[in-house]
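Any read-out appearing in this document is the output of simple, stated calculations on the displayed coordinates, not a laboratory observation. All figures in this text were calculated on a predicted structure; none of them were measured in a lab. Here the Cβ positions follow ideal geometry from the backbone for every residue, glycine too, while neighbour counts run over all protein chains shown.
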Amino acid sequence: MSSIFLPPPYEKELLLILSGMPVPAQYKKNVITLFAPAPACAMITDMEIDILVDEGLAGCPDAPWLEEVAERVLAAQGIGSQAELGLFITSQERIRELNRSYLGKDRPTDVIAFHMLPGGEESKFVLPPDGVLHLGEVVISYPQAVIQAEQQGHSIMKEVAILTIHGILHLLGYQDEEPELKRRMAIREAEILGMIGDILKQGEAPRR
């Protein structure tokens, strides 16, 4: 589980590498790709959550379920309608590539958060000129979620939800590098998981 700070005003910065397209070195250096900032006049009236699920991930929950989980996590944190984030469910190979390219770790991991908000969870959110709170991107390895669900003895849905919560909290400034910060983050993760328990109790989530 890792997080990387992305300086604004860039958005959707992972789509090039996730789509398999090369990322120029000058952008890789700053963990930024070729997407231009949103126009200053761009406004959204509803929470915008971009879901991307790689092909071939058998049994993966579908986009509407993933979107509902993300929306509920943001709502639990008091994030209003003018917010935007990306949630990408990918393979071991893709997340290993990200882990190697941006964190220097040549191995798969479960979740990486590319956040755009500096500071800790105590920092205040200030809307940029376009009026949209650009939070960043969460990338989850579905195969790793399957492995960890089996290890923990709970459903794959629950593990995906846990990783989604963890990633979004990183986007919102939570950190886990130090024991006390990790403890506070784990407590909040458990609280939010309890808040969205009704989603997990629905039984099998809709499948792709």
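Count the net charge of all other residues whose Cβ sits under 11 Å from the Cβ of Leu163, scoring Lys and Arg as +1 and Asp and Glu as -1.
Values: positive: Lys158; negative: Asp110, Glu159, Glu189.
So the environment of Leu163 carries a net charge of -2.
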Separation of the Ile51 and Leu193 label points, Cα + 7 Å toward Cβ, nm:
2.1
Using the basic label-point model (7 angstrom from Cα toward the beta carbon), what is the Ser155 to Ala75 distance in nanometres?
1.8
Calculate, in nm to one decimal, what Glu93 and Leu200 gain on full extension: separation in residues at 0.36 nm each, minus their alpha carbon distance.
35.8 nm
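For Leu181 and Asp62, calculate 0.36 nm times their separation in residues minus their Cα-Cα distance, and state this gained length in nm to one decimal. The partial results should precede the final answer.
Working: separation 119, 0.36 × 119 = 42.84 nm, distance 3.20 nm.
Here the segment from Leu181 to Asp62 would lengthen by 39.6 nm.
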